[in-house]
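Every read-out reported here was derived from the displayed coordinates using simple, explicitly stated rules and does not represent laboratory data. Keep in mind that what you see is a predicted model, and the values were worked out from it rather than measured. Cβ atoms come from the backbone with ideal geometry, glycine included; neighbour counts cover every protein chain shown.
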Amino acid sequence: MYARLFRSVLAVCLLAMPALAQDETDTTAPDIGSRVLENYVTPALARFGETSSALAAALRAACESGSAGDLHAVRTAFSDTLSAFAHVSALRFGPLVAENRFERIFFWPDPRGVTLRQVQGLLAAEEPLPRNLADQSVALQGLPALDYVLFGTGGDVLAEDARRCNYAMAVSNNVSNMAAELEQAWAEGTLFRTAFVAPAADRDPYRSTAEVAGEIVKAAGTALEFARNAELLPALGKTVEKARGKRAPFWRSGQTFAFVAAQIEGVQQLIDAAGFVDGPSDLVNGYGRGMDFDLSHARQALLAVEAAPEAAFSEEQDRGRISYAAIAMEGAKHTLNGELSGALGLVMGFNALDGD
């Protein structure tokens, strides 16, 4: 049903789209880097820094007090941090990919259960916890590991287990530290920021506004592809019988669909900040608004899922919602990599997932 509805709506939108000139030259906002930095990067990184710091503080309080109220605050702070990182995850270039930060924060996909195996092994071991978690396996460092510690077996009595508490604090501090590193890497005066907001022939990695625009398009496409292909489809399976909700990220905390919806929202805000929805080119704006339409419906479908992630992928109505969201996300990505990129004069040949 959802697939037929999507195709019908898409057909109506295409018929309603006005004929736009194909020979526009000024399709990219000349200040695209500054616009994205001010309206997306800076607030997204600031929120991630604030929420991850609040999570670390909440964990310290819970581990010291042992009260149920403090554990509830930890779980709320974890949800806030996931939402904040979902927006940051759209910036999968530059500082976020340097030093394996993306994988250290969000080690995914994990089809072999490396995180579960390593975290359980660490919690069961008798030797002291590692002094510097940043030197350990990426599977031990980030949000999926914390999802198990807080919501997996034993998570409801976190404060009664000193080792589990200490490890949880170490993970939250590690994530908070990386959030601070990201803000510093994007700070005024850094070479990367300078090239992003003021590209020039002698600057690396961006020598023109077209290259900045290409990076943004590539990042948005990568985010949609990753959320769809690595987070939703493996759990959905090709049939109900092959659905496995436990293959989705953050199923233990019940945050799967809120997380993916926040990633979609991040892409929407990113393309808007770049001037692809209300920028200098009516042609680009038309495609950008079409993307925004598709992504809004994808996000609404995911937020309407009623069952817990563990069961939702197998339940008919929720499975329909998830399938519809996946179709809408794929449609938006095709628009981005095809018509919108073409209107910008870009040739998109690869993304951040190639070679992973």
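Here are the numbers for this structure:
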{"item": "Kyte-Doolittle at least -0.5, axis length at least 20 Å by Cα - qualifying DSSP helices, the chain", "result": "2-16, 42-65, 68-88, 162-185, 209-226, 256-273, 282-303"}
{"item": "Theoretical gain in end-to-end length, residue 125 to residue 244 [0.36 nm per residue, Cα-Cα removed]", "result": "39.9 nm"}
{"item": "Cβ-derived FRET efficiency at R0 25 Å, residue 163 paired with residue 307, nearest 0.05", "result": "0.15"}
{"item": "Label-point separation, residue 97 to residue 191 (7 Å along Cα→Cβ), nm", "result": "1.7"}
{"item": "Rg to Rh, two decimals, where segment 142-277 supplies the alpha carbon set and Rh follows Kirkwood", "result": "1.08"}
{"item": "Two-decimal Rg/Rh across segment 151-214, once Rg and the Kirkwood Rh are taken from alpha-carbon atoms", "result": "1.36"}
{"item": "GluC sites (Glu not before Pro), loop per DSSP, at most 16 other Cβ atoms within 10 Å - longest free stretch of the chain", "result": "189-305"}
{"item": "Radius 11 Å from Cβ of residue 260, net charge of other residues (Lys, Arg +1; Asp, Glu -1)", "result": "0"}
{"item": "Label-point separation in nm, residue 300 to residue 26, each point 7 Å along Cα→Cβ", "result": "3.5"}
{"item": "Difference of contour (0.36 nm per residue) and Cα-Cα distance, residue 153 to residue 65", "result": "29.6 nm"}
{"item": "Debye-sum result for segment 45-155 in log10 I(q)/I(0), which assumes one identical scatterer on each alpha carbon, at q = 0.11, 0.13, 0.14, 0.16 Å⁻¹", "result": "-0.37, -0.53, -0.62, -0.81"}
{"item": "Restricting segment 261-356 to chymotrypsin sites (Phe, Trp or Tyr not before Pro) in coil, as DSSP defines it, with at most 11 other Cβ within 10 Å", "result": "350"}
{"item": "Per-residue Cβ neighbour rank within 10 angstrom, fewest leading, 157, 119", "result": "157, 119"}
{"item": "Principal axes of segment 196-337: Cα extent on each, largest first, Å", "result": "54, 30, 23"}
{"item": "Overall form of segment 86-203 per C-alpha gyration tensor (a/c, 1.5; a/b vs b/c)", "result": "prolate"}
{"item": "Principal axis dimensions, largest first and in whole angstrom, of segment 118-174 by Cα", "result": "28, 23, 18"}
{"item": "Principal axes of segment 232-309: Cα extent on each, largest first, Å", "result": "47, 25, 18"}
{"item": "Gain in span if fully extended, residue 112 to residue 181, counting 0.36 nm per residue against the direct Cα distance", "result": "21.9 nm"}
{"item": "MRE, 222 nm, helices only [DSSP H, n ≥ 4, -39500 (n - 2.57), over the chain, to nearest 500]", "result": "-19000 deg cm²/dmol"}
{"item": "Overall dimensions of the chain by Cα: Rg and Dmax, Å", "result": "21.1, 69"}
{"item": "Quarter of Cα convex hull surface for segment 203-262, i.e. mean projection, nm²", "result": "5.5"}
